[in-house]
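Structure first, commentary second.
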Amino acid sequence: MPKITLKKIKPVDKNYFAKWWRDKTLLKLTSGILKPISDKKITKYFLAILQSKNDYHFLICADKKIIGHISLVKRKDNWHETQIIIGEKKYWNNGYGAKAIKILINKAKRLNISKIFLEVRPTNLRAIKAYEKCGFIKSGVKKYPKNKFLPEVLRMKLNNTLLKTK
């Protein structure tokens, strides 16, 4: 198995995001919004990632090859939401996402982040299995009635004992 590492995102990495944010297969698994995204919007979203002060965004690398993106986004009440995408499909189903999540959990411990959750499409069974393997437990369904592409998500929380420092 290639060595999985997380690296800081740089301005030159924008093309990876442009590719992933336009991939219909990935979009069906995540937001569900399949209409084309403009270059202007990609630049806007990517700059928000680069300029974020409260959030942590990393590229996922397999032996230095960039294969995805993972983040911890600060939410209310000291909660952080994690989001991950393995954008390069040939790396799917090999445990790379789970490995990246475990690395991110270790980073969260060092940053004294004690509460992590995620939201996942209820039909994305591959992702749910990976999250459970990493210590996330199902905590309920969240409804988004105004989102016709993703009206509900499965919410999962990281078992807090995994974030306790020893």
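The values are calculated or read from the model by the stated rules, or taken from the named source; none is laboratory data. Here the structure is a predicted model, which is why all the values come from computation and not from measurement. Neighbour counts run over all protein chains shown; Cβ positions are idealised from the backbone, glycine included.
For every residue, the table says whether it meets (1) modelled with pLDDT of 95 or more; (2) β-branched (V, I, T); (3) over 23 Å from M1 (Cα atoms).
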| site | (1), (2), (3) |
| --- | --- |
| I66 | yes, yes, no |
| K89 | no, no, no |
| G97 | no, no, no |
| L111 | no, no, yes |
| S114 | no, no, yes |
| T123 | no, yes, yes |
It is to be established whether one or more residues within the stretch 148-155 are surrounded by 15 or more Cβ atoms within 10 Å (Cβ to Cβ), closer than 22 Å to N78 by Cβ and out of contact with any Pro (no Cβ under 9 Å at 6 or more places or on another chain). yes
Note: among I101, I113, just one is among the β-branched types (V, I, T), touching a residue at least 40 places away in the same chain (Cβ under 8 Å) and buried (at least 17 other Cβ atoms within 10 Å of the Cβ), namely I113
Within the stretch 125-162, residues over 22 Å from G95 (Cβ atoms), of a type outside the set (D, E, K, R) and not in a strand (DSSP E or B) come out as Y144, P145, N147, F149, L150, P151, N160, T161
In the stretch 84-97, what count of residues is obtained for those that are buried (at least 16 other Cβ atoms within 10 Å of the Cβ) and more than 24 Å from N15 (Cα to Cα)? 0
So L27, is it under 16 Å from the mean Cα position of the chain (by Cα) and either more than 22 Å from E152 (Cα to Cα) or surrounded by fewer than 14 Cβ atoms within 10 Å (Cβ to Cβ) (or both): no
